[in-house]
1. Got a sec? Which of 59, 74 is at negative phi, modelled with pLDDT of 95 or more and either outside the structural domain of residue 104 (by TED's automatic domain parsing) or not aromatic (Phe, Trp, Tyr) (or both)?
2. Taking residue 542 as meeting all but one of (1) in a loop (DSSP other than H, G, I, E, B); (2) surrounded by 14 or more Cβ atoms within 10 Å (Cβ to Cβ); (3) modelled with pLDDT under 95, write down the number of the exception.
3. Please enumerate the residues belonging to the range 461-501 that are of a type in the set (D, E, K, R) and over 19 Å from residue 550 (Cβ atoms).
4. Considering only residues that are of a type in the set (A, V, I, L, M, F, W, C) and in contact with a Leu (Cβ under 7 Å, 6 or more places away or on another chain), look in the range 116-157 and name the one that is farthest from residue 54 (Cα to Cα).
5. In the range 242-298, how many residues are part of a helix (DSSP H, G or I), in contact with a Phe, Trp or Tyr (Cβ under 7 Å, 6 or more places away or on another chain) and of a type in the set (Phe, Trp, Tyr)?
6. Of the residues 115, 155, 148, 143, which is among the hydrophobic types (A, V, I, L, M, F, W, C) and under 24 Å from residue 234 (Cβ atoms)?
7. Give the residue that is surrounded by the most Cβ atoms within 10 Å (Cβ to Cβ), with candidates limited to residues of the range 400-423 that are closer than 16 Å to residue 352 by Cβ and touching a helix residue (DSSP H, G or I) at 6+ places or on another chain (Cβ under 7 Å).
8. For residues that are modelled with pLDDT of 95 or more and either in contact with a Leu (Cβ under 9 Å, 6 or more places away or on another chain) or surrounded by 19 or more Cβ atoms within 10 Å (Cβ to Cβ) (or both), tally how many sit in the range 424-447.
Amino acid sequence: MKPLTLYLLTFFVCHTAFSQIDRTFGKVDKQELLMKDCDFENKASALVLFDMGEFYCDIRPWNTDNERHVRIKIFNDKGLDRANVHIRYYSLDHDEAVKDITAQTYNLDASGNIVITKLDKKTIFDKKINKRYSEVVFTLPEVKAGSVIEYKYNVQGSENSSWYFQKSIPVLYSEYKLDFPVALEMQCVPNCILPYQSKRSNKANRDIQTFSMEKVPSLNDEAFISCDEDYLQRVEARMIAVDLPGIPRQSLIKTWPEIIKNLMEDEDFGTQLKKNIPRTDDLELALKSISSPYRKMTTIHDYVRNNMKWNEYDNIWALEGVKSAWKDKKGTSGEINLILVNLLKDAGLNARPVLISTREHGRVNTFMPTTRQFNKVLAYVEIDKHVYVLDATEKYTPSTLIPLDALAGEGLVIEKPESFEWGWRTLWDEGEVYENTVLLIAEVDANGIMKGNVNVSSFNHARVERAKKLAEGKEPFIKAFYTSANPDLKIDSVHFENEKVDSLPLRQNIDFTETLNASGDYKYFSVNMFSGLEKNPFVSDNRFSDIFFGYDQQINIIGNITIPENFTFEELPKNIKMMMPDTGIVFTRMAGISENTLQVRITVDFKKPIYGVDEYELFKEFYKKMFNLLNEQFVIRKKS
């Protein structure tokens, strides 16, 4: 094909959505390769042309197959990572296996002919992640902007029968079929707010259910989302029971007490809690003179988190054993926190493991008993009716704070089922308010230069957030919290207090200079420069996810700004109090003038950790008004 002809063909087809794509493996049409963008999401780096899955199950003998067939169009270099495929599976006792991998890449040569490059089977790697999980990894060859990639595989033995229609890139067509004997009871629940199609048929004593979606937009990176997977369009399916004629119905769903009993007997969990971990000489000496249970707890917590190195891997298991991890002074979060529970119990404290799903891992469904929902174990300690939740892999969160990964979530406390001390706990403490208080004192000279000092005190999780960033260095800290939102701000010096004392607020003492905006004789300034609320992240018209802060918040700004004697304030913004109808957020501003000094106090109270997506329209409008007030300019001019 001559270049001009190829160009004209590209022009006519590049904006077409191909709803009638041949989904036979290898049957790629040239039009798919000529696509230049996605017609329903034109900034996409890649497009899933189709994603087809089929869950097939037999009872006699028991057998399950999860087949998948995917084809993706790569639009630009940002989409090249789609060629890196990771298939994770449960490999303990060979429960699951990945089979029948076929993959190839399609490109056009200079003459417009389709060139197929097959995946070399020698480049497929089966990598062990840990004792329980492995993953198959491969990279499709010769992938570049404009390529189409295609692959299919089968996970045998998998009982994971849920399906995600939505991804971080748009999907033109997604279909999931479940094919199982009528004697197998399946529960299929679509979790979709976008339109989907479903159909059901019965053939040869088998139940066949099919779910599909078309033109599924990507889930955009929304501010303060808890976890993408919580909001992706999906169908959740699980096997309930087997009901064969003449045989009592057999439930396939375990109860939480059964799950816990198995955990307590598991060599990678419950058995590890019975191990005798020898105290080191320095820990023994530190505990020797302590009688207070609270001080024992904090001493052990501090010792473990300061002496154990986390390998950045989260799980609930001690796969290498707590004794081995203690000896090596490093391990997974499971190993480190089971060591912590072990040492706390050995010190006579009421400590138990608590299983959580971290914020990035997603919400736990308390009605679906399985350990696979959890990705972390923490220590749950009760002292004088007060609960402490400890994570020894978290270096900046003190014993008094529930770790942010767990806060406002549900945790499953593990104890022998017959004790009735196991169960679900909401991990929440009313006193854990994310708080920043800003005390600003500044002077404006006749040339419109503001010079001043600000003291920012960060409490609780605000302190944790800033202490983590400070550990990276002063410059990243200054950029993250001051200058990125205020590019005209010049930081002259910064001094910190309580950097190493996590029980006290992190104090930031800042000297700064800023040139005020001016128009003729008028000059303008704002007092909202250090609060962390300089830019509004909620400006999108629509939103898929709840707004998950994860904590209550309070932001205080106290400002004293002195202007030259030959200047005056043009108009003082009004005192105002504004709140959402359910009082979920309360904004207050008080301002006054004493001689030539402006005194202003602004308080923003967030009284909920989570604001539902159904509240978004109201929330967005409130936030818009609040940010207009936060950033409202104070105007000064020369006296006549």
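1. So the residue among 59, 74 that is at negative phi, modelled with pLDDT of 95 or more and either outside the structural domain of residue 104 (by TED's automatic domain parsing) or not aromatic (Phe, Trp, Tyr) (or both) is 74.
2. For residue 542, the failing item is (2).
3. Correct list: 472, 474, 475, 479, 488, 490, 492, 497, 499, 500.
4. Looking at residues that are of a type in the set (A, V, I, L, M, F, W, C) and in contact with a Leu (Cβ under 7 Å, 6 or more places away or on another chain), I get 143.
5. 0
6. None of the other options fit; the residue is 155.
7. Residue satisfying both the conditions and the ranking: 414.
8. Total satisfying the criteria: 12.
The values are calculated or read from the model by the stated rules, or taken from the named source; none is laboratory data. Every value quoted in this text rests on a predicted model; they were computed, and no experiment measured them. Counting neighbours? That spans all protein chains shown, and the Cβs are built from the backbone with ideal geometry, glycine included.
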